[in-house]
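Undergrad: The structure follows.
The values are calculated or read from the model by the stated rules, or taken from the named source; none is laboratory data. Everything numeric in this text was worked out from a predicted model, so none of it was measured. Ideal geometry is used to build each Cβ from the backbone, glycine not excepted, and the neighbour counts take in all protein chains shown.
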Amino acid sequence: MIRWLPLPLLLLTAAADPSRPILSPERIKADVRTLSADDFHGRGPTQLGEERTLAFLEKRFAGLGLKPAGDRGYRQTVKLLRWTRAAARFSLDLGGATRTLTPGVEIAATSRIVGTDTVARVPVVFVGYGVVEPRLGYDPYAGVDVRGKLVVALAGDPDVEAGRDLGFGGRASSPAARTKLAEAQKRGAAAFVQIHDTFPSSYPWLQIAKGDAVPGYALDTGTVPAAFGVRGTLRNDVGVALLKQGGLDYAAAKQAAQRADFRGVELKGATFSATTTVALDRTVSHNVVGILPGTDPATGSILYGAHWDAYGENDFDPPADRIRNGAVDNGTGTATLLEIARAFSVATRPRRSVVFAAWTAEEKGLLGATWYADHPVLPLATTAAQFNLDPHVVLGRTRDLELIGVGRTPMEADLARVAAAQGLRIVPEENTEAGWYYRSDHYALAQKGVPGVYFRAGRDLVRGGLAAGERERSRYNAQCYHQTCDEFDARWDMTGAAQEGSVAYALGREVAEGTGWPAWNPAEPFAAERAKTAAERR
Ligand SMILES: [Zn+2]
């Protein structure tokens, strides 16, 4: 499906000036200030900041009259495995010359083999995009032996830069692009690295490099997943040099790898060595979950979620500022969640119950939301719709909202109508290569079939227009996203967040007061998942 073509329907709504948002930008701003203050220590799960954050959210949930829905009051325990890298050394041997790769500078990588593990001078195989898709005839591993070797892949999927859709959604990121590591592991590789490239990765290199020493997490479901050695990302110029050693030109290699008949090639004269020391322990973090019971709870529920976590406090950040406060990401969404809960708590109670969830460990791989999807406090089968608040930029009043993941659900028409009533038009996301749809908590619930629309403030500022909105978003993404500079700024105008929240509130109310069941478009894989529980929705 060609996901980047805008739906004509979405573009037809009027461009009137937006009305005043239902939610209060001032209250949202006050909560963002609190949540992103240094005494919340960057809200790192399992760190000092977690207890601060949980206590704050519990107090607010209680004040709003929400019913505790966790296993300890509002707290839902999320069991985690944590891998901490104590030491790492990496090098490439290129044509007999050893090139040491400094972790956090030229390579960002870790291992999930516990203890000290060494791979010495293993061969290197380039697998193009590393995406296996039998439906389209793609298998770069066919006839190629990668056992005990380093697998090197390009960023993105085969058509992210092809200028046309080869079956992976064109410029849009595809789910297949997320299976590369698993494929390499399945084929017996000793290690896996991706060559960084800003466009298909949609992250500047510095962001990945600075996250290099952050511990890795997974849900603790009782068993420890099969250990896999080094996995990570090479700075682009290092990857280019590595391919060159094997006789490949980076740009030409990209072209070749777009074709379904591309096969992996061993890079002659190149080897990889690594020594890593990694510790594994079990720990816990918490979602915060409260319910506003409906007047007829048997008719089901709706769910609002926002991740409370950010990147915490880290020894390896500059000593002057070790805290990544996460004011925007996701102090803003968390504060908007509280403001939506407040709006529901003072209004007439809808028929369906409303669940409010502040997720942990989104930044570790949607772990809190995934845990909830396996341990919901109300049945997912009758969770009529979900709304995720993760806005990623602070903007003043806009004329538009940006829909992420276009063409997935008939709810998009409802969203367009509800937004139009507030003077806002819906525009499709622009940077589809970023794969935003797969990068926030709604995805964990969509995979379990729960319908929803994911949207955030657009860029068409009432004051400054598109250019100003675009400038602010680019500045934030390049400099502050996931970094120490994501800090509260007293000059912020939170009207954009309030607009996004107001539309989420109004659309949620409509679903909560109704008896209908929002759905997925039939071609969506989530539709098949939803269909399994059809008998429970009457
Ligand atoms: Zn976020």
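Undergrad: Let me confirm something: among 464, 496, which residue is away from the ligand (no atom under 15 Å from the Cβ) and within 18 Å of residue 388 (Cα to Cα)?
TA: It is 496.
Undergrad: Taking residue 282 as the residue in question, decide whether it is part of a strand (DSSP E or B), away from the ligand (no atom under 16 Å from the Cβ) and more than 30 Å from residue 513 (Cα to Cα).
TA: Yes, satisfied.
Undergrad: With the requirement that a residue be assigned to a helix (DSSP H, G or I) and either free of Cβ contacts under 8 Å to residues at least 12 places away in the same chain or β-branched (Val, Ile, Thr) (or both), what does segment 462-475 give you?
TA: Those that are assigned to a helix (DSSP H, G or I) and either free of Cβ contacts under 8 Å to residues at least 12 places away in the same chain or β-branched (Val, Ile, Thr) (or both): 465, 466, 467, 468, 470, 471, 474, 475.
Undergrad: Still on this structure, please answer the following. Which residue is nearest to the ligand (Cβ to nearest atom), if the candidates are limited to segment 368-383 and must be hydrophobic (A, V, I, L, M, F, W, C) and in contact with a Ser or Thr (Cβ under 7 Å, 6 or more places away or on another chain)?
TA: 378
Undergrad: Does any residue of segment 427-435 turn out to be touching a residue at least 60 places away in the same chain (Cβ under 8 Å), within 20 Å of residue 499 (Cα to Cα) and either polar (S, T, N, Q) or within 16 Å of the ligand (Cβ to nearest atom) (or both)?
TA: no
Undergrad: A further question on this structure: With crowded, with 17+ Cβ neighbours inside 10 Å and part of a strand (DSSP E or B) as the only criterion, which of 267, 248, 243 stands out?
TA: 267
Undergrad: Give the residue that is nearest to residue 392 (Cα to Cα), with candidates limited to residues of segment 438-461 that are within 13 Å of the ligand (Cβ to nearest atom) and part of a strand (DSSP E or B).
TA: Ranking the candidates gives 456 first.
Undergrad: In this structure, is residue 122 among the β-branched types (Val, Ile, Thr), modelled with pLDDT of 95 or more and within 27 Å of the chain's Cα centre (by Cα)?
TA: So residue 122 does not fit the description; no.
Undergrad: Here's another thing I want to ask about it. If a residue must be under 18 Å from residue 524 (Cβ atoms) and either of a type in the set (S, T, N, Q) or assigned to a loop (DSSP other than H, G, I, E, B) (or both), how many such residues does segment 153-196 contain?
TA: 8
Undergrad: How do the pairs read when you match residues in segment 377-399 that are under 15 Å from residue 498 (Cβ atoms) with residues anywhere that are of a type in the set (Ser, Thr, Tyr) and away from the ligand (no atom under 16 Å from the Cβ), using Cβ under 6 Å and keeping only pairs 6 or more apart or on different chains?
TA: Final answer for the pair search is 396/495; 397/495.
Undergrad: Could you tell me whether any residue of segment 293-311 is of a type in the set (A, V, I, L, M) and within 16 Å of the ligand (Cβ to nearest atom)?
TA: The answer is yes, given that some residue of segment 293-311 is of a type in the set (A, V, I, L, M) and within 16 Å of the ligand (Cβ to nearest atom).
Undergrad: If you don't mind, there's one more thing I want to ask. More than 23 Å from residue 323 (Cβ to Cβ), away from the ligand (no atom under 13 Å from the Cβ), in contact with a strand residue (DSSP E or B) (Cβ under 7 Å, 6 or more places away or on another chain) and not aliphatic (A, V, I, L, M) - does that describe any residue in segment 471-486?
TA: No, because not a single residue in segment 471-486 is more than 23 Å from residue 323 (Cβ to Cβ), away from the ligand (no atom under 13 Å from the Cβ), in contact with a strand residue (DSSP E or B) (Cβ under 7 Å, 6 or more places away or on another chain) and not aliphatic (A, V, I, L, M).
Quick grid of which residues meet (1) without any contact (Cβ under 8 Å) to a residue 24 or more places away in the chain; (2) touching a Cys at 6+ places or on another chain (Cβ under 6 Å); (3) assigned to a strand (DSSP E or B):
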{"position": "52", "(1), (2), (3)": "yes, no, no"}
{"position": "70", "(1), (2), (3)": "no, no, no"}
{"position": "80", "(1), (2), (3)": "no, no, yes"}
{"position": "86", "(1), (2), (3)": "no, no, yes"}
{"position": "93", "(1), (2), (3)": "no, no, yes"}
{"position": "98", "(1), (2), (3)": "yes, no, yes"}
{"position": "109", "(1), (2), (3)": "no, no, yes"}
{"position": "120", "(1), (2), (3)": "no, no, yes"}
{"position": "129", "(1), (2), (3)": "no, no, no"}
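Undergrad: Are any residues in segment 285-313 surrounded by fewer than 22 Cβ atoms within 10 Å (Cβ to Cβ), in contact with a helix residue (DSSP H, G or I) (Cβ under 8 Å, 6 or more places away or on another chain) and part of a loop (DSSP other than H, G, I, E, B), and if so, which ones?
TA: The one that is surrounded by fewer than 22 Cβ atoms within 10 Å (Cβ to Cβ), in contact with a helix residue (DSSP H, G or I) (Cβ under 8 Å, 6 or more places away or on another chain) and part of a loop (DSSP other than H, G, I, E, B): 294.
Undergrad: Still on this structure: Right, residue 404: over 28 Å from residue 78 (Cα atoms), within 22 Å of the chain's Cα centre (by Cα) and touching a residue at least 40 places away in the same chain (Cβ under 8 Å) or not?
TA: No.
Undergrad: Looking at segment 165-201, which of its residues are more than 29 Å from residue 118 (Cβ to Cβ) and surrounded by fewer than 20 Cβ atoms within 10 Å (Cβ to Cβ)?
TA: 165, 166, 167, 175, 198, 199
Undergrad: Those residues that are outside any helix (DSSP H, G or I) and either within 13 Å of the ligand (Cβ to nearest atom) or surrounded by fewer than 24 Cβ atoms within 10 Å (Cβ to Cβ) (or both), I need them from segment 342-354; list them, please.
TA: Correct list: 347, 348, 349, 350, 351.
Undergrad: State all residues of segment 483-535 that are among the β-branched types (Val, Ile, Thr), modelled with pLDDT of 95 or more and part of a loop (DSSP other than H, G, I, E, B); if no residue qualifies, say none.
TA: Hit for segment 483-535 is 533, nothing else.
Undergrad: Continuing with this model, one more query. Please identify the pairs in which a residue from segment 408-421 that is crowded, with 16+ Cβ neighbours inside 10 Å and among the charged types (D, E, K, R) has its Cβ atom under 9 Å from the Cβ atom of a residue that is part of a helix (DSSP H, G or I) and modelled with pLDDT under 95, counting only partners at least 6 apart or on another chain.
TA: Pairs that qualify, where the first residue is crowded, with 16+ Cβ neighbours inside 10 Å and among the charged types (D, E, K, R) and the partner is part of a helix (DSSP H, G or I) and modelled with pLDDT under 95, are 408/437; 412/9; 412/10.
Undergrad: Give the residue that is farthest from the ligand (Cβ to nearest atom), with candidates limited to residues of segment 313-341 that are farther than 17 Å from residue 36 by Cβ and modelled with pLDDT of 95 or more.
TA: Filtering first and then ranking leaves 341.
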